[in-house]
Amino acid sequence: QVQLVESGGGLVQPGGSLRLSCVASGTIFSTYVMGWYRQAPGKQRELVAAMVTGGSPSYAHSVKGRFTISRDEPKNAVYLQMDSLNPEDTAVYYCQAAISTNIFGIATDYWGKGTEVTVSS
C-alpha cells in the first residue's frame, strides 16, 4: 500500500557532502514521522535523524551539526543533507516513515530498501 523510495547515495571523499531523498507514495492518509536510519557492516541499525510532522528535528549525537533533515510534508518527502562526511558514516541508509492509511489514524512503520553511502578516499 505504501512505498518509500530513496535516492542520492554514492561514493564520496572524506569531508564531502551528499544529499539523500526519500518519497513516500501509495494510500497515505496521514504521515506522523519521517526519518533516516543507517546500518554499517557488522553493526545494528541506528537512528540518524527524524522529524515529527509539524515538529522539530532530532539527531543522533554522532551526526549533530553535520547532518540536516528536512521534510516536504505535502509531497510526503524527507531529505538528509550530509556534510563533513567521514569514513564512520559509511553505511546503508534507510528511510522510515510512520504512516496511517485510513481515517482511524493507526500508524504503521514503513521502510525503504536503502541507499548505500560510502565515504572513502
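The values are calculated or read from the model by the stated rules, or taken from the named source; none is laboratory data. Owing to the predicted nature of the structure, the values given are computational and were not obtained by experimental measurement. We place every Cβ from the backbone using ideal geometry, glycine too, and count neighbours over all the protein chains shown. Just so you know, the surface numbers come from the protein's heavy atoms only, side chains and all, with ligands and any DNA or RNA stripped out. Shrake-Rupley method; radii C 1.70, N 1.55, O 1.52, S 1.80 Å.
This model, with +1 at the C-beta of Lys and Arg and -1 at the C-beta of Asp and Glu, gives the chain a dipole about its Cα centre of some 40 debye.
Surface composition of the chain: carbon and sulfur atoms hold 51% of the protein heavy-atom accessible area at a 1.4 Å probe. Relative to its residue count, the range 1-40 spans a Cα convex hull of 95 Å³ per residue. When a/c is below 1.5 the answer is rounded, else prolate if a/b is larger than b/c, else oblate, so apply that to the chain with a ≥ b ≥ c taken from the square roots of the Cα gyration tensor eigenvalues. In terms of gyration-tensor shape, prolate.
Residue 28 sits among other residues whose Cβ lies under 14 Å from its own Cβ, and their net charge, with Lys and Arg +1 and Asp and Glu -1, is -1. Quick one: net charge of residue 17's neighbours, Cβ under 10 Å, K/R +1, D/E -1? Net of charged neighbours comes to +1. For residue 75, a cut-off of 24 angstrom between C-alpha atoms picks up these lysines, skipping any fewer than 8 places away in its own chain: 113. Summing +1 for each Lys or Arg and -1 for each Asp or Glu among the other residues whose beta-carbon sits under 10 angstrom from that of residue 51 gives 0.
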